[in-house]
Amino acid sequence: MKNFISFNKMITPTIIKVLFWVGVGFSIILGLLQIIAGFDSYFGGGYQIFMGILTIILGPIFTRVYCELLILFFKMHETIQEINEKLGSKDN
């Protein structure tokens, strides 16, 4: 609890993991809606269907890359803290 209150323990990486799954779900739902709209369209339906399929495939990939970049910052922070602790223990 002390680490949590002093901001030594980050909760944002856990939140980012939840947001990843929300982003994946959103991408899939959006892709399915595009496909349905493409089937219902009189003109340009093939393009909408194609874009819906791309959204279903590429949406989760881009979401994953974005979330990994965000988590990378927190991993770097943890590593810097570990280095600081090791260097601080040598001074004592």
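The values are calculated or read from the model by the stated rules, or taken from the named source; none is laboratory data. From a predicted model like this one, the values you see are computed outputs, not experimental measurements. Cβ placement follows ideal geometry from the backbone for every residue including glycine, while neighbour counts extend to all protein chains displayed.
Among the listed residues ILE16, ILE56, which satisfies the condition of being in contact with a Gly (Cβ under 6 Å, 6 or more places away or on another chain) and of a type in the set (Val, Ile, Thr)?
So the residue among ILE16, ILE56 that is in contact with a Gly (Cβ under 6 Å, 6 or more places away or on another chain) and of a type in the set (Val, Ile, Thr) is ILE56.
Search region 46-61 for residues being surrounded by 15 or more Cβ atoms within 10 Å (Cβ to Cβ) and small (Gly, Ala, Ser), and hand back the single one that is farthest from the chain's Cα centre (by Cα).
Once the filter is applied, the top-ranked residue is GLY52.
PHE43: under 25 Å from ILE71 (Cα atoms), at pLDDT below 95, over 20 Å from the mean Cα position of the chain (by Cα) and of a type in the set (Phe, Trp, Tyr), yes or no?
In short, no.
Of the residues that make up region 21-31, is at least one surrounded by fewer than 13 Cβ atoms within 10 Å (Cβ to Cβ) and either at pLDDT 95 or above or hydrophobic (A, V, I, L, M, F, W, C) (or both)?
yes
With respect to SER41, determine if the residue is among the polar types (S, T, N, Q) and in contact with a Pro (Cβ under 6 Å, 6 or more places away or on another chain).
no
Are there any helices (runs of 4 or more DSSP H) wholly within the chain with 1 or more residues that are in contact with a helix residue (DSSP H, G or I) (Cβ under 7 Å, 6 or more places away or on another chain), and if so which?
Of the helices (runs of 4 or more DSSP H) lying wholly inside the chain, those with at least 1 residues that are in contact with a helix residue (DSSP H, G or I) (Cβ under 7 Å, 6 or more places away or on another chain) span 12-40, 45-91.
In region 19-40, which residues are of a type in the set (Val, Ile, Thr), within 23 Å of VAL65 (Cα to Cα) and touching a Gly at 6+ places or on another chain (Cβ under 8 Å)?
VAL24, ILE28
Checking ARG64 against (1) surrounded by 11 or more Cβ atoms within 10 Å (Cβ to Cβ); (2) out of contact with any Phe, Trp or Tyr (no Cβ under 7 Å at 6 or more places or on another chain), only one condition comes out false. Which one?
The one condition ARG64 does not meet is (2).
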